[in-house]
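Single-structure report; data block below.
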Amino acid sequence: MTTATSTLLNQISAIRVWQTGKARAPHKPLLLLAVLGRIQRGITGLHPFAELEEAVAPVLEDHAPTQTTKPQVRHPFWYLRSDGLWEIPNADAMELQVGGFPKAAAFGSAQGRLPRSIEQVLIGDPNLLEQAVHRLLCEHFPETLHADLRQRLGLAEAGLITAPTDHLSVGESAPAYRVARRDPNFRRKVLQAYEHRCAVSGFRAALDGRYFGVEAAHVHWHAHGGPDQIDNGLALNPLLHLLFDRGAWSLTDDLRIIVSSRVTGDDETTKNLRAHHGKKLSEPLPGYAKPNRQFIHWHREGAGGVFRAPALGL
């Protein structure tokens, strides 16, 4: 990995997200991903705020924690400048509020861009651009959501990376903000604890003695510091895993399944998911730790706020 490549990827990893405790804030990562998608499609230079808002706003609303106010694309568009990855050429001309943030009307004609030096490097190295995308996705979202985010933000499918994105050159030390590497035994331990059986539906299948069709899910996302330990894991079939990571359902402190009242779909989908509402989650085998309340709270309503409240009535 060259020094320039390492510097850029580490700069992307170091973006400062809005902080209230340990709350998730996907605003800056989503804006950057949208811009990288535009560059992949040959749209470079200045990006009008209106076009970015149209692309990012619905995705941000779907993936930001539930809150009383609607998440705004204006915030990452303005504050990303402090990370050295964004420029607004006419920033000085934008009319500001008393607190120093631009008035809403000021964004009407605003345009922003990656610094030219960074943009030129990415244009000339599609593999590095894909590494930047990969790093943003891995450090802020679980893998179950990556394909959907790529499609919605106009990003190319994965596959361009030719070298490990987390490779460190000789003598290079890993920065403190680097996401911890996954424990390769996490999946095996979780599936063993639940006997390769989905903790919600009970699904279990094997072919020639080999189990398949069930995945190990993190309750508190690994991308946001969730540990690779059994009390932060669930064995789930792929669809329920995806729905869990999207916030369609969560758990109460006493391990009852709660389904979001915001889930819609065809009769079969809603009926099957809602049928689990209020039921007790299957517990792991004796001797294995149950899901920890701390991690459940992160997913349901705490800093993670993944669950799309409110829940159906019990």
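Number of residues in segment 220-279 that are of a type in the set (Val, Ile, Thr) and at pLDDT below 95 equals 4.
Are any residues in segment 198-244 over 21 Å from Ile258 (Cβ atoms) and assigned to a loop (DSSP other than H, G, I, E, B), and if so, which ones? Answer for segment 198-244, where residues must be over 21 Å from Ile258 (Cβ atoms) and assigned to a loop (DSSP other than H, G, I, E, B): Arg204, Asp208, Gly209, Gly213, Val214, Gly225, Pro227, Asp228, Gln229.
Taking the criterion of being among the aromatic types (Phe, Trp, Tyr) and more than 13 Å from Val219 (Cα to Cα), the only residue of segment 281-314 that qualifies is Tyr288. Taking the numbered list (1) surrounded by fewer than 16 Cβ atoms within 10 Å (Cβ to Cβ); (2) farther than 30 Å from Arg308 by Cβ; (3) of a type in the set (D, E, K, R) in turn, Asp125 passes all entries but (1). Glu119 - would you say it is crowded, with 20+ Cβ neighbours inside 10 Å and either in the same structural domain as Phe244 (by TED's automatic domain parsing) or of a type in the set (Asp, Glu) (or both)? No; evaluated as a whole, the condition is false for this residue. Just one of the listed residues (Gly171, Gly202, Gly159) is at positive phi and at pLDDT 95 or above, and it is Gly202.
When you scan segment 89-98, do you find a residue that is closer than 20 Å to Pro26 by Cα and either free of Cβ contacts under 8 Å to residues at least 60 places away in the same chain or not in a loop (DSSP other than H, G, I, E, B) (or both), even just one? No, that holds for no residue. Taking segment 220-262 as the range and being over 23 Å from Ala205 (Cα atoms) and among the β-branched types (Val, Ile, Thr) as the test, the residues that pass are Thr252, Ile258, Val259. Against the test of being within 19 Å of the chain's Cα centre (by Cα), under 23 Å from Glu301 (Cβ atoms) and not assigned by TED's automatic domain parsing to the domain that holds Arg246, the options Ala25, Ala55 yield a single qualifying residue, Ala25.
The values are calculated or read from the model by the stated rules, or taken from the named source; none is laboratory data. Owing to the predicted nature of the structure, the values given are computational and were not obtained by experimental measurement. Every residue, glycine as well, gets a Cβ built from its backbone with ideal geometry; the counts of neighbours run over all protein chains shown.
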